[in-house]
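Structure provided below as structure tokens; questions to follow.
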Amino acid sequence: MVCNHFVPFFLPRSTLGSQLNAQLEGWLSQVPSTVRPARAIIAPHAGYTYCGSCAAYAYKQVDPSVTRRVFILGPSHHVPLSRCALSPAEIYRTPIYDLKIDQKVYADLWKTGMFERMSIQTDEDEHSIEMHLPYTAKAMESHKDEFSIVPVLVGALSESKEQEYGKLFSKYLADPANLFVISSDFCHWGQRFRYTYYDESQGEIYRSIEHLDKMGMGIIEQLDPISFSNYLKKYHNTICGRHPIGVLLNAVAELKKTGVDMNFSFLNYAQSSQCRNWQDSSVSYAAGALTVH
């Protein structure tokens, strides 16, 4: 079964592919590869006009020569899920080239009884995984026939479920041939998002948003899932990929018990617009990478 992500039928694939390829190349060429090879990245999933340049900071840290499997964990925006779900597709089409879903890993995950199957409609409606497909294809282009992907739709998990999934995925995170892509935007601020937290001591509203986001980013860099959960409970920051992030942090915590030394660094931060009054709205984006020492 093929999932036609990112290939509109009204445009020739070659035309769309060359345009997108040039766009991605342009963003990636402006970014240094400072923490390569990444074992995991956090990158945004909004329209590329808004966050494409930010996402490049994460994808530039991917080393295609060692990566053979890309796990893509994205939050569910449209369908209520209390667990994680797997795609019914075998191939995702992108304008650059097709991406094969790893059916062996899917079978192993399915056997755990911890996953449900999303419908093809749910898969095609959800953008949190979709927006990472062209960037994954581009980052892995030099080894495009040598890797597969493992897309996972992450539901509104409880803390205990984040721990369970973290434990499950930790064995995959331990393997240097695997890369985890954690799909998340950061603060969604404004009345249309029903979130208008404002710390006046920070100055303008957009500076308060940045301070709030960077507080959360600092906690993520500490790789402490409990501190991240406490931060979310205190500030209710509208980080849409908070559950995929929670799964990653718990997977890291599990590996740390075995003596694995990991480090996470954020490399870029951006906002879709600068909010200065209560009528404004914005979405924040952050890109970072996890490395193993």
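Just a yes or no: is a residue in segment 171-189 surrounded by fewer than 23 Cβ atoms within 10 Å (Cβ to Cβ), touching an Asp or Glu at 6+ places or on another chain (Cβ under 7 Å) and in contact (Cβ under 8 Å) with a residue 60 or more places away in the chain?
No; the residues of segment 171-189 include none that is surrounded by fewer than 23 Cβ atoms within 10 Å (Cβ to Cβ), touching an Asp or Glu at 6+ places or on another chain (Cβ under 7 Å) and in contact (Cβ under 8 Å) with a residue 60 or more places away in the chain.
Quick check: anything in segment 126-147 among the small types (Gly, Ala, Ser) and loosely packed, with under 15 Cβ neighbours inside 10 Å?
yes
For segment 33-44, indicate whether the set of residues that are touching an Asp or Glu at 6+ places or on another chain (Cβ under 6 Å), buried (at least 21 other Cβ atoms within 10 Å of the Cβ) and under 29 Å from Glu116 (Cα atoms) is non-empty.
Checked against the condition, which is being touching an Asp or Glu at 6+ places or on another chain (Cβ under 6 Å), buried (at least 21 other Cβ atoms within 10 Å of the Cβ) and under 29 Å from Glu116 (Cα atoms), segment 33-44 yields at least one hit.
Taking the conditions exactly as written (surrounded by fewer than 18 Cβ atoms within 10 Å (Cβ to Cβ) and either out of contact with any strand residue (DSSP E or B) (no Cβ under 9 Å at 6 or more places or on another chain) or not acidic (Asp, Glu) (or both)), does Thr238 satisfy them or not?
no
All but one of (1) within 19 Å of the chain's Cα centre (by Cα); (2) touching a residue at least 12 places away in the same chain (Cβ under 8 Å) hold for Gln222, so report the exception by its number.
Every listed condition holds for Gln222 apart from (2).
Moving on. If you take just the helices (runs of 4 or more DSSP H) that sit entirely in segment 130-238, which of them hold at least 3 residues that are among the acidic types (Asp, Glu)?
The helices (runs of 4 or more DSSP H) meeting that bar are 159-173, 205-221.
Shifting gears a bit: Please return the ranges of strands (runs of 3 or more DSSP E) entirely within segment 11-118 where 3 or more residues are at pLDDT below 95 and within 17 Å of the chain's Cα centre (by Cα).
none
The values are calculated or read from the model by the stated rules, or taken from the named source; none is laboratory data. This is a predicted model, so every value here is computed, not measured. Glycine also receives a Cβ, built like all others from the backbone with ideal geometry; neighbour counts cover every protein chain displayed.
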